[in-house]
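Shown next, in structure tokens, is the structure this report addresses.
The values are calculated or read from the model by the stated rules, or taken from the named source; none is laboratory data. Treat the numbers as computed from the prediction; the structure is a model and nothing was measured. Virtual Cβ from ideal backbone geometry, glycine too; neighbours counted across all protein chains shown.
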Amino acid sequence: MDKMYRKAVISRGLEYALTFFIILTINFFLPRVMPGGPLLSIFGSQNSDLPVVIDEATKHRLMDYYHLNDPLYVQFINYLIDTAHLNFGYSIYYNIPVLDIIAGRLPWTILLMGSALLISTALGIFLGLESSWRRGKALDRALLIIIPSLKSIPVFFLGSLMIFIFGFRLGIFPVSGGMTPYATYSSPLAMAIDVASHMALPLACLIIFEIAGSYLLVRNVCVQQMEKPYVTMAFARGLKDRSIKGHVLKNSMAPVVNQVAAMLSFLVGGAIFIETVFAYPGMGLLIYNSFMERDYPVLQAAFIVMSLCVLACNYAADIICAYIDGRTRQW
Amino acid sequence: MVNYEKATSILLAIIMIFSFSFTPAIAESSKKVWISSWGASGGDWGFPSPFAFYPRGPGYTMMSFCFDTLVWPNQTGDIIGLLAKSWESTPDGLTWTFHLRDNVKWHDGTPFKASDVIFTYNYIKDKSAVAPVGAGWYDTSVIKSITAKDDYTVTIVLTKPYAPFISQVAAVVPIVPEHIWKNVSEPAKFTDKMAAIGTGPFILEDYSPDQQSYKYAANKDYYLGKPAIDTLMFVKSADPVISLKKGDINEAGLTYDQVLALNDTGNIKVVSGDGYWVYRLRFNLPNNTILNDTNVRKAIYYALNCDDIQNKVLHGGGIPGNPGYVPPYSEWYNPNVTQYPYDPAKANQMLDAAGYGKRDADGIRLTPDGKRLEFQLLYTSDSQTQRIAELIQSYLKAVGIGITFKPGDMKTVDGLVGAGNFEMAIYSHGTSTDPARMLNGFPASTGWNDSQFNALAKQQVSAVDEKERKALVDRMQELIADNVPTIPLLYKNVYTAFNKNKFDGFFFTPGGIGGGVPTEYNKLVFVYGTWKEATTSPSTDGVPFLAGLAALGIAASAVLFWGNRKK
């Protein structure tokens, strides 16, 4: 590891830290400027007739209880201190520590999104390379039409369609949840298969949603590489197709690594829709429900955790890129 | 160089061996297991303790399986004794004496006594700010004192005569065990398994906020008799119609559109109930001078065809609104109030008379100072409310009133209306069933402050004589119909669909449970219902086969890929 590399890693790290602080700040103020407060969830809307017997004194006690009467800057400082201690407080809706809720949900999302990212990237690389290899041929043209048009299907529509076809008409996949509730499994493998089958439809949706990005990128970068003299040289030397492909792919990897990390943030958006459609017990569904209930502590913690994941992946991608491609070290 | 063909064939072999040796997931065999679902709207209603449940009807319902009240409504809506076997009051309605059952045990085996009742009422009052049951579920201020004469007799003294005491307090307050709660200072955060110990027909086995599911086991020693099912589960379903058809769930609460989509497959029975759920048009009465004119609101009422709105929005799954606000199926309904049948000619005439006779080129009326008679309509952006908003727009356009749309999510709408930052809004919510809550909230829920109405409201809660109270409530409905503070557009019915060959006995409690929650999950359903199936057959689905197939497919494509590379 040379000096420049280390310096680059550190300065990039500082940039990400600053970004993270800005996110923390926005994260604090954004829910507070939206109409509708968290107390609506507790004593209901004053416009519904059901829970109405709440007086001003009780309301004030509740506001005190949640420290919502403190000045905004005090709330902000408390928020920063608590965040540093990973203390995200209690959920207003669930009445349990926010960290527990997130610890229960995050693995599901990592499983779903991680698999989606891996498979869609692998498929994208494979198809992109084959497509560029056969540039202008029937396969290339077909893929160029099919893959981007798949991307243009709204992801929640795709989800509903899959539920109808594979879940209902064919009846081969479960349509909601992450696993069969309260099932007893004969072996860990039985459990794995149950989880996998519940994941199949949302995973397929996310892969279809994501594949276009890596496919188009890999195809374009590879097409550029194919025109380089070293490829012509390789052909002239009579190298096997497979080893030429290997060289082309290796030289195209740097932007792909960055793209994968960048895609993660889009995937988070897609996951909210997909998890809601399939009632998948991940972070997306949690964010959606918490937003509907204005559950500030959960919302804030969820956004912090998700943005931390996205930032960490991007940082990792930068480091990997700097490692595989020396030119990118000069930030 | 790795030998890919060898590697893939080994991989394939391993996958195949595993998929054959695989035994499917079995729900739970040879037990009476019932799986219900709240449907797509939600599944997690919080931890089912009286101090932690999510303060809406479903949250209360989930809690009521574990915790009993002194009294409870049955299938016909009559109040029967649960923890109390009988009760009486003094003629002034101020002192109530409850005679408790002496054979009741908490789920942990400790005997239930009068001290638990006294502890509960005092504890809830003390923690009212943070306990869902205290914060709005019943009026804690009506209770002056609560004492025990002996271990099985409790006397409650009220601060004032309170007509709905039995149905809105005694049938609502869940009794908790003193020995568990006496040292709990933060009840909302106490979500240990102990926190769900009650006297109810079901014992909480698991609550999972992650999977949004609940699992209860029958309380075999329940004093009304052993429940008809052994295990009760509530699971989340993204699409209850599909889940019902597939048999993944046995029962779900549905909308009428879902009932139509279900298109009964033979073993499914559908039961409907009074929804006590209203869609109404709300006006910003104090702040909007035009809408503050009663004649304008009446004209708007004449311009709307509520029957048609019901047909186009609920497709028959409800009934049109009633000017007196109390839905016709309620025992408090007064049919003899001013009616506003669909009459656009009359609406036009009234608007002309109110000073909005001039119209602009679009046909929209003009105010005397030349502005367009146009209002912003705030509503929640779900499909049904959206449809209602569109219909209102077209009906009002026909009489020269312009409507612009402002959709938002529920909390945004609540927030804007709460801040008085709107002109007209479409609201949908439970109406509650007792006039104490159905009507007395009107000043807050409509912005209409009528001294005569408010006086009647105060009088009727204290009227212990049923007939006297009915007369007062009738008069309140007349006032509502005469003043049109809000326009009830339609009432939505509730439906449940369930597998009748497995279990039968669902009903909707007239007047609801917990003081007015319209639900099919009155716990008595599971105590007195009939199990129809001998045992649960292990449910196997096509999953393992398919997973194996998918694995084969992946393996095959891997072979192709690597094979291709070798050439």
task: Go through region B:390-434 and give me each residue that's more than 13 Å from chain A (Cβ to nearest Cβ), of a type in the set (Phe, Trp, Tyr) and not in a helix (DSSP H, G or I).
output: B:Phe405
- request: Can you tell me which residue among B:Val494, B:Val461 is buried (at least 21 other Cβ atoms within 10 Å of the Cβ) and away from chain A (no Cβ under 12 Å)?
  value: B:Val494
Filter result (surrounded by fewer than 23 Cβ atoms within 10 Å (Cβ to Cβ) and not basic (Lys, Arg)) within region B:30-54: B:Ser30, B:Val33, B:Gly39, B:Ala40, B:Ser41, B:Gly42
message: I'd like to check something: does region B:164-182 contain any residue that is farther than 28 Å from B:Tyr495 by Cβ, of a type outside the set (A, V, I, L, M, F, W, C) and in a helix (DSSP H, G or I)?
response: yes
query: Residues in region A:56-110 that are polar (S, T, N, Q), facing chain B (nearest Cβ under 9 Å) and not in a loop (DSSP other than H, G, I, E, B): how many?
result: 1
- request: Given the conditions (1) at pLDDT 85 or above; (2) surrounded by fewer than 19 Cβ atoms within 10 Å (Cβ to Cβ); (3) charged (D, E, K, R), report the number of the one that A:Glu275 does not fulfil.
  value: (2)
task: Answer yes or no as to whether B:Ala345 is without any contact (Cβ under 8 Å) to a residue 40 or more places away in the chain, closer than 27 Å to B:Gln477 by Cα and of a type in the set (A, V, I, L, M).
output: yes
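Residue-by-condition table, conditions (1) away from chain A (no Cβ under 14 Å); (2) of a type in the set (Lys, Arg); (3) more than 17 Å from the chain's Cα centre (by Cα):
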site: B:Lys245; (1), (2), (3): no, yes, yes
site: B:Asp248; (1), (2), (3): no, no, yes
site: B:Glu251; (1), (2), (3): yes, no, no
site: B:Val259; (1), (2), (3): yes, no, yes
site: B:Asn263; (1), (2), (3): no, no, yes
site: B:Asn267; (1), (2), (3): yes, no, yes
site: B:Ser272; (1), (2), (3): yes, no, no
site: B:Tyr279; (1), (2), (3): no, no, no
site: B:Phe283; (1), (2), (3): no, no, yes
task: Filter region A:111-125 for residues that are more than 14 Å from every other protein chain (Cβ to nearest Cβ) and polar (S, T, N, Q) and give the result.
output: A:Ser120, A:Thr121
task: Quick one: in region B:48-77, of everything that is more than 11 Å from chain A (Cβ to nearest Cβ) and of a type in the set (Phe, Trp, Tyr), which residue is farthest from B:Gly430 (Cα to Cα)?
output: B:Phe67
- request: Just give me the residues in region B:265-276 being closer than 25 Å to B:Pro510 by Cβ and at pLDDT below 90, in sequence order.
  value: B:Gly275, B:Tyr276
statement: Scanning region B:435-479 residue by residue, those within 26 Å of the chain's Cα centre (by Cα), in a loop (DSSP other than H, G, I, E, B) and either among the aliphatic types (A, V, I, L, M) or closer than 29 Å to B:Ile143 by Cβ (or both) turn out to be B:Leu439, B:Asn440, B:Gly441
- line: When restricted to B:Thr155, B:Thr159, the only residue within 14 Å of another protein chain (Cβ to nearest Cβ) and either under 29 Å from B:Ser432 (Cβ atoms) or within 24 Å of the chain's Cα centre (by Cα) (or both) is B:Thr159
query: Can you name the helices (runs of 4 or more DSSP H) wholly within region A:146-254 that have at least 1 residues being within 13 Å of chain B (Cβ to nearest Cβ) and within 30 Å of B:Ala217 (Cβ to Cβ)?
result: A:188-226
- prompt: Taking into account only those residues within region A:287-302 that are aliphatic (A, V, I, L, M) and away from every other protein chain (no Cβ under 11 Å), which is nearest to A:Thr276 (Cα to Cα)?
  reply: A:Ile287
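Conditions tested, residue by residue: (1) within 16 Å of the chain's Cα centre (by Cα); (2) not in a helix (DSSP H, G or I).
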| position | (1), (2) |
| --- | --- |
| B:Ala481 | no, no |
| B:Ile487 | no, yes |
| B:Leu490 | no, yes |
| B:Asn493 | yes, yes |
| B:Thr496 | yes, yes |
| B:Pro510 | yes, yes |
| B:Gly515 | yes, yes |
statement: With criteria (1) surrounded by fewer than 19 Cβ atoms within 10 Å (Cβ to Cβ); (2) under 24 Å from the mean Cα position of the chain (by Cα), B:Thr294 comes up short on (2)
statement: Residue hits (region B:177-219; hydrophobic (A, V, I, L, M, F, W, C) and within 8 Å of chain A (Cβ to nearest Cβ)) are B:Ala188
